[in-house]
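Laboratory data are not the source of any read-out in this text; all were calculated from the coordinates shown. Remember, predicted model here, so these are calculated numbers, not experimental data. Cβ atoms come from the backbone with ideal geometry, glycine included; neighbour counts cover every protein chain shown.
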């Protein structure tokens, strides 16, 4: 019963309020009376001659490149250095050295670690003994200015040649 009385009182209070909507009605009438021009002209399109892709000799530029894999040769001389094909590859061995940048160093437990940025932007910690690059590059030494690698590159005879490579510190 109290709810019904409260409801009736609130309805009578709000029904007595006079709302002025003259300015609103005036605005609606003015907006409806305005004429907006409609541009029915469609722009004329220029004819463009399409070129057909005829690159049959190379790889399709819209496909992902194949992963570079170096297969071991079976008739290699025993005196040549050989990479260990049985060891598990590390994350930075999926990138060529062109796609790796040295960004700094860290001193952890009196050992100098290097910070290497891959082409995707992620940063990796590297210390001597780690591998990086496509040519079985083993980290030999890290200084504050460079990372020194021992890479193994295959020649025509199936022998592997050792070479020293460096990645120098790059700042942004």
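Run the quick spin-label model on residue 35 and residue 127: label points 7 Å from Cα toward the beta carbon, then report their separation in nm to one decimal.
8.4 nm
Quick check on the exposure proxy: order 44, 93 from fewest to most C-beta atoms within 10 angstrom.
44, 93
I need the P(r) histogram for the chain: all alpha carbon pairs, bin width 5 Å from 0 out to the longest distance, whole percents.
1, 6, 10, 10, 8, 7, 6, 5, 3, 3, 3, 3, 4, 4, 6, 7, 6, 4, 2, 2, 1, 0
Could you compute the FRET efficiency for residue 60 and residue 103, with r as their C-beta to C-beta distance and R0 at 35 Å, rounded to 0.05?
Computed FRET efficiency for residue 60 and residue 103 comes out at 0.55.
Who wins for biggest fluctuation among 62, 27, 85 in a Gaussian network model of the chain, springs between alpha carbons below 10 Å?
Fluctuation is largest for 27.
In what order do 1, 94, 102 fall by count of nearby beta-carbon atoms within 10 Å, going from fewest to most?
The most exposed by this proxy come first: 1, 94, 102.
If I build a Gaussian network model for the chain, linking alpha-carbon pairs within less than 10 angstrom, which residue out of 26, 138, 86 has the largest mean-square fluctuation?
Result for the chain, Cα springs under 10 Å: 26 fluctuates most.
So what is the relative contact order of the range 93-168, in percent, for Cα pairs below 8 Å that sit 6 or more residues apart?
Value for the range 93-168: 24 percent.
Taking neighbour counts of Cβ atoms within 10 Å as a proxy for exposure, in what order, fewest first, do 12, 54, 105 appear?
Fewest-to-most Cβ neighbours within 10 Å comes out as 54, 12, 105.
GNM, the chain, Cα, under 10 Å: largest mean-square fluctuation among 97, 24, 134?
Fluctuation is largest for 24.
What number, in percent, do you get for the relative contact order of the chain if the mean sequence gap of Cα pairs under 8 Å and at least 6 apart is divided by its residue count?
16 percent
Between residue 52 and residue 82, what FRET efficiency comes out of the Förster formula 1/(1 + (r/R0)^6) with R0 = 45 Å and r the beta carbon distance, rounded to 0.05?
The pair residue 82/residue 52 has a calculated efficiency of 0.40.
Can you give the three extents of the C-alpha atoms in the range 93-168 along their principal axes, from longest to shortest, in whole Å?
Projected onto the principal axes, the Cα atoms of the range 93-168 cover 43, 27, 16 Å.
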